[in-house]
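*Asks:* Pasting in a structure now, in structure tokens, and then I'll have a few things to ask.
The values are calculated or read from the model by the stated rules, or taken from the named source; none is laboratory data. Keep in mind that this is a model prediction, so the values were computed, not measured. Heads up, the Cβs are rebuilt from the backbone with ideal geometry, glycines too, and the neighbour counts pull from every protein chain shown. All accessible areas refer to the heavy atoms of the entire protein, side chains included, with ligands and DNA or RNA removed. Shrake-Rupley method; radii C 1.70, N 1.55, O 1.52, S 1.80 Å.
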Amino acid sequence: MRFVSIASGSSGNCIYIGSENTHILVDAGISNKRIEQGLGAIGVKGSELDGVVITHEHSDHIRGLGVLARKHGVPVYGTKETLEEIAAKTTLGDYPRELLRPVSPDVEFAIGDLTLHPFSIDHDAANPVAYRVKNGRRSVAVATDIGHFDQYVIEHLQGLDALLLESNHDVNMLQAGPYPYYLKQRILGDHGHLSNENAGRLLNYILHDNMKHILLGHLSRENNYEQLAYETVKLEIDQGDCPYRGGDFPIDVAGRDRMSDIINL
């Protein structure tokens with residue numbers, strides 16, 4: 001099983017998960033050109049994609065979807081409400097609507113030899129989900145755009161081999177920054193984004209001996225930077241109640257303009 005961030009940030013998100021036989025993307029929020037370049041770097045062609053699973057309909061998660069569906073006929077999975085929002089967006093152009101395939105939170109489905117478990121998250125979108133993906137005994141998850149976490153989210157992130165987790169903003173940078181008040185409140189609210197501190201606090205609940213890799217993703221361009229996200233999350237683990245230290249696990253920050261290293265599981 002392979003896991004790699006092609007791009008992750010407030011300006012665009014696209015994550016590859018695959019086995020020897022099956023290749024999927026979680027979100028397609030960058031240009032199709034960048035998607036295909038990223039796939040090419042790991043030896044996969046756009047025509048070999050078996051599906052794109054969409055977390056929600058915001059543009060930084062679907063920007064390249066129209067071209068991808070039109071060019072390669074790739075099935076697009078998302079909740080019914082998410083797909084309705086996508087179908088209504090004229091910016092994506094024409095593509096076969098029969099490629100849109102609805103899924104439901106907490107109902108598993110298969111794409112090739114991958115088993116996917118969508119689970120609900122709190123974000124200001126129609127019916128957003130995060131995804132847990134399993135292949136054999138290995139499982140990974142992509143969990144971004146989370147306004148806050150609760151026991152439900154914690155339970156769905158147990159026992160993972162690798163995780164891409166939102167670490168969107170530094171609270172002080174956001175509060176002191178140039179964003180208008182309403183936007184600051186939206187980001188800080190229960191249907192906004194996970195701060196660096198809360199990403200670290202969430203990790204305290206889900207770290208375990210066999211966790212092999214953590215990627216911090218969906219960083220804000222204006223209200224965060226990579227070293228700050230990394231150090232804050234690591235500090236939260238060091239100071240948390242879990243038996244681990246931040247240095248016990250490989251933690252990397254997924255870039256918005258560069259691919260992460262390939263995580264082989």
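*Asks:* Would you compute, from DSSP H runs of 4+ residues alone, the mean residue ellipticity of the chain at 222 nm, taking -39500 (n - 2.57) per run and dividing by the full residue count, rounded to the nearest 500? Spell out each step's value before the answer.
*Replies:* Details: 9 runs with 75 residues, N = 265.
When only DSSP H runs of four or more count, the value is -7500 deg cm²/dmol.
*Asks:* Normalised by the residues of segment 121-265, what does the relative contact order come to in percent, with Cα pairs under 8 Å and at least six apart? It would help to have the intermediate numbers written out before the result.
*Replies:* Details: 267 pairs, mean separation 35.4, N = 145.
Relative contact order here is 24 percent.
*Asks:* Let me know the shape class of segment 1-153, please: from the alpha-carbon gyration tensor, a ≥ b ≥ c as square roots of the eigenvalues, rounded when a/c is under 1.5, otherwise prolate if a/b is greater than b/c, or oblate.
*Replies:* Working: a/c = 1.39, a/b = 1.06, b/c = 1.31.
It is rounded, given that a/c, with a ≥ b ≥ c, falls under 1.5.
*Asks:* Under the definition of Cα pairs under 8 Å and six or more residues apart, what whole-number percent is the relative contact order of segment 96-182? Walk me through the numbers on the way to the answer.
*Replies:* On the way: 110 pairs, mean separation 16.4, N = 87.
Normalised by residue count, the contact order of segment 96-182 is 19 percent.
*Asks:* Scaled to the compact-protein estimate 2.2 N^0.38 Å, what is the alpha-carbon radius of gyration of the chain, rounded to two decimal places? Don't skip to the end; give the middle numbers.
*Replies:* Values: Rg = 17.2 Å, N = 265, 2.2 N^0.38 = 18.3 Å.
So the chain has a normalised radius of gyration of 0.94.
*Asks:* Place a +1 charge on the Cβ of each Lys and Arg in segment 1-155 and a -1 charge on the Cβ of each Asp and Glu, then give the dipole magnitude about the Cα centre in debye, rounded to the nearest 20. Kindly include the intermediate steps, with their values, before the conclusion.
*Replies:* On the way: 15 positive and 20 negative charges, 132 e Å.
Here the size comes out at about 640 debye.
*Asks:* Counting other Cβ atoms within 10 Å, keep those with at most 13, restrict to DSSP loop, and tell me which GluC sites (Glu not before Pro) in segment 30-138 are left.
*Replies:* Details: sites: Glu36, Glu48, Glu57, Glu81, Glu84, Glu85, Glu98, Glu108; in loops: Glu57, Glu108.
Hits after loop and neighbour filter: Glu108.
*Asks:* Given the peptides 215-227, 23-35, arrange them by the average over their residues of other C-beta atoms within 10 Å, most packed first.
*Replies:* Numbers: 215-227: 20.8, 23-35: 23.3.
With the highest mean Cβ count within 10 Å placed first, the list reads 23-35, 215-227.
*Asks:* Using a 1.4 Å probe over the heavy atoms of the protein chains, calculate the carbon and sulfur portion of the accessible area of the chain as a whole percent. Walk me through the intermediate numbers first.
*Replies:* Details: 5070 of 11030 Å².
Here carbon and sulfur together make up 46 percent of the probe-accessible area.
*Asks:* Oh, and also: Note the angle between two axes, namely the Cα long axis of helix 196-206 and the longest principal axis of the Cα atoms of the chain, as a number of degrees from 0 to 90, rounded to the nearest 10.
*Replies:* Approximately 80 degrees, to the nearest ten.
*Asks:* Cα-based Rg of segment 124-265 per 2.2 N^0.38 Å, rounded to two decimals? Can you show the working numbers first?
*Replies:* Working: Rg = 14.7 Å, N = 142, 2.2 N^0.38 = 14.5 Å.
The reported ratio for this selection is 1.02.
*Asks:* Continuing with the same structure: Probe of 1.4 angstrom, ligands and nucleic acids ignored: what's the accessible area per residue over segment 1-64, in square angstrom? Write down the numbers at each step before the final one.
*Replies:* Values: 1860 Å² over 64 residues.
Averaged over the residues of segment 1-64, the accessible area is 29 Å².
*Asks:* Output the 0 to 90 degree angle, nearest 10, between the alpha-carbon long axis of helix 226-239 and the longest principal axis computed from the alpha carbons of the chain.
*Replies:* Helix 226-239 sits at roughly 60 degrees to that axis.
*Asks:* Given contacts defined as C-alpha pairs under 8 Å and at least six residues apart, what's the relative contact order of segment 136-189, whole-number percent? Before the final figure, lay out the partial values.
*Replies:* Working: 34 pairs, mean separation 22.8, N = 54.
Reported relative contact order: 42 percent.
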